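Contents: one structure, followed by commentary.
None of the figures in this text is laboratory data; all of them are computed from the coordinates on show. Everything numeric in this text was worked out from a predicted model, so none of it was measured. Backbone-built Cβ (ideal geometry, glycine too); neighbour counts: all protein chains shown.
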């Protein structure tokens, strides 16, 4: 619903299972026609329409809750998904005012929206816009890079974007990247994945269809042939975590960097038992390798905080490591991160910056790395 001049306009989107595809209807309002779900991602439409339809396909069709989207002054659509549900079911109708419920885990982590970043390459976004999953389609198969937290129905969403058989891979084995693995029968992972797995998390507790899915370990030099599109595997040295893989799309000049390099911050307190100094050296080696692989046209696609990013970020990460070892790093005690600031013991961590690069690490270990 929107106001144009003195007129209130309302758009309706209908979904149906049709046995026969009806003919187009021509009216004074334009053409009315049915579009197969798998073609929706390729249909040009306003941003507001895309957000509403993506929300319905990924989450709304599985619930009887009501939802509202609000366009703010910057032109964004804020899907305040609990608003109407809260008003109707949590005491609003009783005299005495309203209250808003805490965010629903399924709705924060299980609502997916997607768009093409280039032909046959989709960014699937979730976690209130802060995290990406990637879908790459070749002539014969598709590749899904990571599976999120395992909330919602990611597989159903992916199968609306592609009808090719899907190969599932993990950039690394942190829960926000492997949580939905058990929606598939097989997933490709790095060695040492066990070191990064979340203790106590059991896929069968989540009622997944494949709780005993097969984990296939791949390493440096392995290739996935999607048909006219080859994806190379690069094994990362231990830095952010123990089990990171990079994926390089040779045909389309795309590099998927997982959580090892991004524009927000790389967490460097998760790679135990390796020392921070050792992991920083590995980060530098990883950055040098990836920078040499890229050119000025390469799309670098991390999993968090904006994509794509420029290859120059790798140079900034090299400079960041060097600044720590030289003892002149820019250290900030304020992490300025709403989630990490809620973690027990977050006070011992600091942010280190250099150019566009940033890491979170134990401040004492940062200072020790400079002294060594």
Listing of strands (runs of 3 or more DSSP E) fully contained in region 244-348 that carry 2 or more residues being within 23 Å of the chain's Cα centre (by Cα) and surrounded by 22 or more Cβ atoms within 10 Å (Cβ to Cβ): 245-249, 254-258, 299-302
Say we look at region 162-183 and pick out the residues that are assigned to a helix (DSSP H, G or I) and in contact with a helix residue (DSSP H, G or I) (Cβ under 6 Å, 6 or more places away or on another chain); which of these is nearest to residue 120 (Cα to Cα)? 183
Within region 193-205, does at least one residue satisfy the condition of being crowded, with 18+ Cβ neighbours inside 10 Å and part of a loop (DSSP other than H, G, I, E, B)? no
State which residue pairs qualify: first residue free of Cβ contacts under 8 Å to residues at least 12 places away in the same chain and inside region 132-150, second residue assigned to a loop (DSSP other than H, G, I, E, B) in any location, beta carbons under 6 Å apart, and separation of 6 or more residues or different chains. none
